[in-house]
Amino acid sequence: MSDRIVQYSPSGRAGAIKGFLSKFLGYGGAQLGLLCLVFFIVLAAVPNILVGPLETAGTATGDFLAPPSGQHLLGTDEVGRDVLNMVVHGARISLTIALLATVISLILGTTIGMTAGYYGGRVDVWLMRLTDFFFVMPSFVLALVITPVVLEVMGRGREILGFRPSLFVILVVIGMTSWAFVARVVRSQTLSLKERTFIDRARVAGSSNFSIMVRHILPNLVPQIAANGALVVAGAIYVETSLSFLGLGDPLQPSWGTLLSLAQRAGAASAGAWWYLGAPGLCALTVSLSFVLIGNALDDTFNPRRRVIP
Amino acid sequence: MAVGGLGGKTSRRIGSILIRAVMTLLMVATLNFILFRVIPGDPATLLLGGARVSVNAEQIEAQRQNWGLDRPLFPDQMVDYLSATLRGDLGYSFKFRGRHVADLILERLPATIALVGLAQLAAILCGVMLGLYAGWRRGGAFDRVATGASLALYSTPSFWLAMILVVIFSTTLGWLPGYGIYSPGASIGAADRFLDYLRHLALPVSAVALGLIGQYVVVARAAMSDVVTEDYMVTARAKGLTGGQMLMRHAFRNAMLPIVTLISLNLGYVVAGAITVEAVFAWPGIGGLTVEALNARDYPVLQGIFLLLGASIVGANLLADVAYGILDPRVRQ
């Protein structure tokens, strides 16, 4: 991999990217995943144009728990809101939370893993002990106990960066509890990278530790970070959906998990209202599966040896 | 260790494993301690049962002295908290006024253990067998279907599977109950009651198990694929062993290594799935208690559950390390 990067000419880089793309897009899983993802990103980008503003109990247009019809393609909920309308708006909430949480988690995981691997010694021992804790404790279990306390401290009400406080807290907590796997992968990769000659050369040329890490090690970590990042997104969707289902989401900005929670409270399953609970779950499943497929395809592209853990 | 005497390396390995486990538990307890002090409101009022209970100033002062809240947070209060936790004193619930958290949790534990235990068993039996077979015949039609279905199941939230199962088997077909643990007003006979219990278990167990099977299939398949390409398999073939003999004598045992590790390390995710599935079925276990505690912002109960989950996850990790040592002689040396 690094042999290719050594030839540092613009045309060489373009060729490498082209080679990567043709290999990556050769995987059926990658095609399917990207296709689904583009679809949901479009939904998330312009929900107002596609289905109009988010319906509320006041602006509901249909009967209570009406099955799908020409007017309401996915039926209505217990107060008469259009399920299609809510699911499309939910795409925006769910995807934004999952992606932002992943960004936090990748930044934390990369920084911690790279620092531990590069400096070694005592720094490595302590950072890895911290990583072990977050590796052993699942993000969902940590978030379950941390989220309500942070919410109580912050108080509900004002929005932060356009998010209702509960969603903001959920995304930060997921991001801060799901970086351990990335940190481990990045650390082991850094350990092998720092023994290479180009690092020695940079050090002889007078580069500082920080600049070696950012300019020489980080670019070589991108494949690992990308492949694991896709899996972190899938995990973040799972955790967000589960937390919202347990009632930690916000009904004013409903994600797919919150919609499922509302459906559960309305007794949709025992009323046989499959349309109400079917769509949000199917969306969460599709997006999560897309990211898993993309992550696996990325990994297969970068690593000829097959991975062991999905 | 059951196998062989305790060499210096083995005991050092066990020592470091134990230290890690204790450190993790200590961090769980510390997180609990910090979170409880961060919640707005006077800790003394909180300890008396939350803001909704009316207490007078004298009671609060008495509590303050009783719990040592007038002493410094660190180390005095922290040490008190940790020693109380070690004694099993997890404080009082806000919602179920005056009840010990430990009692509440112990009451709910059996229902969850039954659910999680049966689901794990079913998922391991089905998932591992399907996965090993897919890996053995990798690239074939069965492998493709099994891998695709497993990835889909792996990405599906278990509670959504639970809701779908209720719609199909309970609401539409009416075959199985989709709510609770016993039918209200069911017949009194012990055998009938047990049968009724099993019928109520069927859907929750299936939902949790289906959520797990995908993962087990993928890992078992990968483990088997790795084993199949090893040199000793070529040797086994050259010795003239049949496919079945190779599978049983060489492939199976080696493929079990990563699977056993996954099963033990997976407990956290199993419990996470079970909590949400219990919420769907109003199953009176730890998951049901979690939802009640979340809705009532009953922090002592929530933290008690967190401690329980932390302890069981750490315990499962210990078990994985020990099992790995027994299964893989290279780790022992």
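Just so you know, all these numbers are worked out from the coordinates, no wet-lab data involved. Every value quoted in this text rests on a predicted model; they were computed, and no experiment measured them. Backbone-built Cβ (ideal geometry, glycine too); neighbour counts: all protein chains shown.
If you average 1/r over every pair of different alpha-carbon atoms in segment B:105-332 and take one over that average, what Kirkwood value in Å do you get?
Numbers: mean 1/r = 0.0515 Å⁻¹.
For segment B:105-332, inverting the mean 1/r across all distinct Cα pairs yields 19.4 Å.
For segment A:284-295, just list the computed ³J(HN,Hα) in residue order, Karplus coefficients 6.51, -1.76 and 1.60, θ = phi - 60°, integers in Hz, with x standing in for Gly and Pro.
Rounded to whole hertz, the list is 4, 4, 5, 5, 4, 4, 4, 5, 4, 4, 5, x.
List the residues, sorted by chain then number, that are 5 or more residues from B:Asp328 or on another chain and whose placed amide H is less than 5 Å from its amide H.
none
Beyond 46 Å, how much of the Cα-Cα pair distribution for the protein assembly as shown remains, as a whole percent? It would help to have the intermediate numbers written out before the result.
Working: 43287 of 206403 pairs.
Tail of P(r) above 46 Å: 21 percent of Cα pairs.
What residues have an amide H closer than 5 Å to that of A:Leu74, excluding those fewer than 5 places away on the same chain, when H is modeled at 1.01 Å from N in the peptide plane?
Excluding prolines and chain starts, which carry no amide H, the hits are A:Ser69, A:Val83, A:Leu84.
Note down the magnitude of the dipole of segment B:105-332 about its Cα centre, charges +1 on Lys and Arg C-beta and -1 on Asp and Glu C-beta and zero elsewhere, to the nearest 20 debye.
720 debye
Given springs between every Cα pair under 10 Å in a Gaussian network model of chain A, which of A:Ala16, A:Ala279, A:Ala226 has the largest fluctuation?
A:Ala16
Pick from B:Arg108, B:Arg144, B:Arg237: which is most flexible by mean-square fluctuation in a GNM of chain B where alpha carbon atoms under 10 Å apart are linked?
B:Arg237
Describe numerically, in nm with one decimal, the distance between label points set 7 Å from Cα along Cα→Cβ at B:Leu327 and at B:Arg71.
It works out to 4.6 nm between the two label points.
Using the alpha carbon gyration tensor of chain A, what are the three equivalent-ellipsoid semi-axes (square root of 5 times each eigenvalue), largest first, in whole Å?
41, 23, 15
Compute the relative contact order of chain A as a whole-number percentage, counting only Cα pairs closer than 8 Å that sit 6 or more residues apart in sequence. Don't skip to the answer; put the middle values down first.
Numbers: 429 pairs, mean separation 74.2, N = 310.
Normalised by residue count, the contact order of chain A is 24 percent.
Using only DSSP helix segments of four residues or longer, with each worth -39500 (n - 2.57), what per-residue ellipticity at 222 nm results for chain A after dividing by its residue count and rounding to 500?
After summing the helix terms and dividing by the residues of chain A, the value is -23000 deg cm²/dmol.
Give the relative contact order (percent, whole number) for chain B; include only Cα pairs under 8 Å separated by 6+ residues.
25 percent
How large is the charge dipole for segment A:103-249, taken about the Cα centre, if only the Cβ atoms of Lys, Arg (+1) and Asp, Glu (-1) carry charge, to the nearest 20 debye?
With only Lys, Arg, Asp and Glu charged at Cβ, the dipole is about 360 debye.
For the peptides A:173-183, B:238-248, B:315-325, what is the packing order when you average, over each peptide's residues, the other Cβ atoms within 10 Å and list the highest mean first?
Going from most to least packed, we get A:173-183, B:315-325, B:238-248.
Looking at chain A as a GNM with Cα springs under 10 Å, which of A:Ser22, A:Ser261, A:Ser166 has the largest mean-square fluctuation?
A:Ser22
Tell me, what is the FRET efficiency for A:Val214 and B:Phe252 to the nearest 0.05, using R0 = 35 angstrom and their Cβ-Cβ distance as r?
About 0.15, to the nearest 0.05.
Which whole-Hz ³J(HN,Hα) couplings does segment A:167-179 yield from phi under the Karplus relation 6.51 cos²θ - 1.76 cosθ + 1.60, θ = phi - 60°, glycine and proline marked x?
5, 4, 4, 4, 5, 5, 5, 4, x, 7, 10, 10, 9
Under the Karplus relation 6.51 cos²θ - 1.76 cosθ + 1.60, θ = phi - 60°, what is the ordered set of whole-Hz ³J(HN,Hα) values for segment B:243-254, x standing for Gly and Pro?
Here the 3J(HN,Hα) series is x, x, 5, 4, 4, 6, 7, 10, 6, 4, 5, 6 Hz.
Quick check on packing: order A:235-248, B:222-235, A:285-298 by the mean number of other C-beta atoms within 10 Å, highest mean leading.
A:235-248, A:285-298, B:222-235
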